1. What's the carbon and sulfur percent of the range 8-148's accessible surface, probe 1.4 angstrom, rounded to a whole number?
2. Residue by residue through the range 12-25, which ³J(HN,Hα) values in whole Hz follow from phi under the Karplus form 6.51 cos²θ - 1.76 cosθ + 1.60 (θ = phi - 60°), with glycine and proline marked x?
3. What shape does the range 135-198 have by the C-alpha gyration tensor, where a ≥ b ≥ c are the square roots of the eigenvalues, rounded means a/c under 1.5, and otherwise prolate means a/b greater than b/c and oblate the rest?
4. Quote the relative contact order of the range 129-209 in percent (integer), defining contacts as alpha-carbon pairs under 8 Å separated by 6+ residues.
5. Under a Cβ-only charge scheme (Lys and Arg +1, Asp and Glu -1), can you give me the dipole magnitude of the range 1-126 about the Cα centre, in debye to the nearest 20?
6. For the range 62-133, just say rounded, prolate or oblate: build the C-alpha gyration tensor, square-root its eigenvalues into a ≥ b ≥ c, call rounded for a/c under 1.5, and beyond that prolate if a/b exceeds b/c, oblate if not.
7. If R0 is 35 Å, what FRET efficiency do you get for residue 97 and residue 72 from their C-beta distance, rounded to 0.05?
8. Compare the Cα positions of 81, 93, 176 along the charge dipole of the chain (+1 at Cβ of Lys, Arg; -1 at Cβ of Asp, Glu; about the Cα centre) and return the one farthest towards the positive end.
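The values are calculated or read from the model by the stated rules, or taken from the named source; none is laboratory data. These figures come from a predicted structure and were not determined experimentally. Positions of Cβ are backbone-derived with ideal geometry, glycine not excepted, and every protein chain shown enters the neighbour counts. Accessible surface is based on the protein model in full, side chains and every heavy atom, while ligands, DNA and RNA are left aside. Shrake-Rupley method; radii C 1.70, N 1.55, O 1.52, S 1.80 Å.
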Amino acid sequence: MKLPFTAEQFFEIFRKYNLAVWPAQLLFYLLALLVIYFIFRKKKYSQQLIAFIASFIWLWMGIVYHLIFFTAINNAAYLFGVLFITQGLLFLWAGITGKLVFQFKMTAQGIAGILLVFFALVVYPLLGVLQSHRYPDAPGFGLPCPSTIFTFGLFLWTVRKPPVMLLIIPFLWSVVGFSASFSLGVKEDIGLLAAGLVTAAFMFTSKKN
């Protein structure tokens, strides 16, 4: 796939973003831990808070990463920004209306969710280090690809199938991220498409309403 920017420009955007928003990266890991806590230790407003946290992460990626930073080297980032903001608003809507109900169950789907969340938070950055992608010149949680993998993990922890409209944009991004992974040398993004395919397999074969 022909890209309108070089790999060097791509990683330079990560550097500029990471240095500009520090210590927001720590906040995102804290939010991820809160989500996991609310999954396993239910509180009164756990369901809404999980959806609102997911909403915040997607809105941040759309506004801050795509529209403020990524547009400097890629005009398509304007479209990506709109899509990510839309996804954030969909999560907000789901939280307000109760369309998403999260609960971990010791099933193949539940375990797959654990693996995807672990991959997004731990394995993804480690794979980056192995390829010499080190902070601040590297994507981390709170940026599109690892956060999308984390989102797929959340979908696998739902009691009912998520509304289809909530699945479309993450699936589209899994294809976009994967298609650019080889030309940009971000091999860890292969896991992005794998996460999408695993989630799709469970969603299409599940008998849950």
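1. Details: 4930 of 6870 Å².
Answer for the range 8-148 is 72 percent, counting heavy atoms of protein chains only.
2. 5, 5, 4, 4, 5, 4, 4, 6, 6, 9, 3, x, 4, 4
3. On the way: a/c = 2.49, a/b = 1.78, b/c = 1.40.
It is prolate, given that a/c is not under 1.5 and a/b is the larger ratio.
4. Numbers: 55 pairs, mean separation 27.8, N = 81.
Dividing the mean separation by the residue count of the range 129-209 yields 34 percent.
5. Values: 9 positive and 2 negative charges, 105 e Å.
The dipole magnitude comes to about 500 debye.
6. oblate
7. On the way: r = 36 Å, r/R0 = 1.04.
Step by step, r from the Cβ atoms, then E = 0.45.
8. 93
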